[in-house]
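The values are calculated or read from the model by the stated rules, or taken from the named source; none is laboratory data. From a predicted model like this one, the values you see are computed outputs, not experimental measurements. Every residue, glycine as well, gets a Cβ built from its backbone with ideal geometry; the counts of neighbours run over all protein chains shown. Ligands, DNA and RNA are stripped out before the accessible areas are found, and what is left, the full protein with its side chains, is counted by its heavy atoms. Shrake-Rupley method; radii C 1.70, N 1.55, O 1.52, S 1.80 Å.
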Amino acid sequence: MRIAVNGLVLRNGIYYFRRVVPVELREIVGKTEWKESLKLRAGQEAKAHRRSAELWRFYNDLIQKLHSEIKLKASPARLAREAAEWAARYELLDGQSGSIPDYDDEEYIGDSQRDLTIEHIIEEASRKFGVNKTTGHPLDYTPQQRARLDVLSAGSPVTPEFTVSTARDVYIQERFNGTEDKAVTQSAKQFIQMVGDLKLADISRSVVMDWKNRLVSERGQSATTVTRRLGAMKTIFNHVIDNHAVELPNPFAKQKPPKSARQSQSRSPLHSSHWELINAYLASAALDRDTRNILILLK
């Protein structure tokens, strides 16, 4: 009986690994499927199964990383930074040559290069998304177009407003290179579920106090778990403050678990099944006396 293994395919007596590239990643990857010969033949199933499982895990990690990169590329922080760099490169910011109106003659002042660039972005969005017949405005803009318009309208770099989710994504990408950290992901998820995906500027100490109380009252979390949740959120907040010119007090700083939170029970590092194995080993006739005595002392 043949055992089905993720990605493993037998063709003409040769084992291959095949996995479909998710639709949203095909433009980045440049193909619709990952495929490679394992250079193993029928009869080498054990090796084929191991190698296929390794490749499946490898592509799982790659898919997660690519999804994280897509999120970061669309994050307000990155888009705002790239838009400011783009505007500065073409000298469209205040004080640069592209912001100065063009004097055609003494009576007529022409548009500046910045004005013309704004019009070009609006026209481009109109062609892509259509136009509101009532207002004449484009129905939508791409995230990049919105970021560029914000910078051009302000005439200077713009600091976007972070939400909990965008701050989390930026932190994971910049701190862990896109590999999700369980404590960070879970803490942000529970905050968003219970309080909402708030802007960081809207998170006060009272909001945090309400959240940590609910972690205890509604989820029954221990003091240790609440401390871990608070620490993860404080770290996310600090990362954005330190690296993205966000000037806000950290509402998670110096927060402690509610007094009503139960204290975690100390647990043995060994499971009951481990003790059973140790006891069985101690009862073995093959075990020499010195080793047995040492194990009994350690136990």
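How far is helix 113-129 tilted off the main Cα axis of the chain, in degrees rounded to 10, range 0 to 90?
Tilt relative to the chain: about 60 degrees.
Using a simple spin-label model with points 7 Å from Cα along the Cα→Cβ vector, what separation in nm is obtained for T159 and R26?
4.2 nm
Let me see the P(r) profile for segment 156-299: every Cα-Cα distance counted, bins of 10 Å, each bin given as a percent of all pairs.
Bins of 10 Å from zero give 10, 31, 21, 12, 13, 9, 3, 0, 0 percent of pairs.
Which of the lysines could be linked to K35 by a straight reach, that is with a Cα gap under 29 Å, when you skip same-chain ones fewer than 8 residues away?
K47, K65, K71, K73
Find the accessible area per residue for the chain; the probe is 1.4 Å, ligands and nucleic acids are left out, and the unit is Å². The partial results should precede the final answer.
Details: 19330 Å² over 299 residues.
Ligands and nucleic acids excluded, the figure is 65 Å² per residue.
I'd like the orientation of helix 143-154 relative to the chain: the angle between its Cα long axis and the longest Cα principal axis, in ° from 0 to 90, rounded to 10.
50 degrees
Can you send over the carbon and sulfur percentage of the accessible area for segment 54-194, probe radius 1.4 Å, protein chains only?
Values: 4080 of 8450 Å².
Its accessible area is 48 percent carbon and sulfur atoms.
Taking just the alpha carbons, could you work out the radius of gyration and Dmax for the chain, both in angstroms?
29.2, 109
In whole angstrom, how far apart do the alpha carbon centroids of segment 13-82 and segment 112-159 sit?
So the two Cα centres are separated by 36 Å.
Given an 8 Å cut-off on Cα distances and at least 6 residues of separation, report the relative contact order of segment 212-299 as a percent.
Here the relative contact order equals 31 percent.
What residue among P138, P76, P249 shows peak mean-square fluctuation when the chain is described by a Gaussian network model with Cα springs under 10 Å?
P138
For segment 6-156, count the residues as N, evaluate 2.2 N^0.38 Å, and divide the Cα radius of gyration by that value, please.
Computed over Cα atoms of segment 6-156, the ratio equals 1.72.
Hey, what angle do you get for helix 223-243 against the long axis of the chain, alpha-carbon based, 0 to 90 degrees rounded to 10?
The two axes meet at around 30 degrees.
Quickly work out the I14-to-K189 label distance, labels modelled 7 Å from Cα along the C-beta direction, and quote it in nm with one decimal.
Each label point is offset 7 Å from its Cα along the Cβ direction, giving 4.1 nm.
Compute the Cα gyration tensor for segment 27-68, then decide on rounded, prolate or oblate, letting a ≥ b ≥ c be the square roots of its eigenvalues: rounded whenever a/c is under 1.5, prolate when a/b is larger than b/c in the other cases, and oblate in all that remain.
Oblate.
Counting only C-alpha contacts under 8 Å and six or more residues apart, can you give the relative contact order of the chain as a whole percent?
Relative contact order comes out at 12 percent.
Sort I294, I278 by heavy-atom solvent-accessible area, probe 1.4 angstrom, most to least.
Working: I294 100, I278 50 Å².
Solvent-accessible surface, decreasing: I294, I278.
Given the Cα-Cα distance of S204 and E69 and 0.36 nm per residue of separation, how much length would full extension add, in nm?
45.6 nm
Within straight cross-link reach of K256, meaning Cα distance under 16 Å, which lysines are found once same-chain residues fewer than 8 apart are removed?
Candidates past the 8-residue exclusion: K212, K234.
To the nearest 0.05, how large is the calculated FRET efficiency for F176 and N60 if R₀ is 25 Å and r is the Cβ-Cβ distance?
Plugging the Cβ-Cβ distance into 1/(1 + (r/R0)^6) gives 0.95.
Springs between alpha-carbon atoms under 10 Å, Gaussian network over the chain: tell me which of L287, L248, L66 tops the mean-square fluctuations.
Per the Cα network of the chain with a 10 Å cutoff, L287 tops the list.
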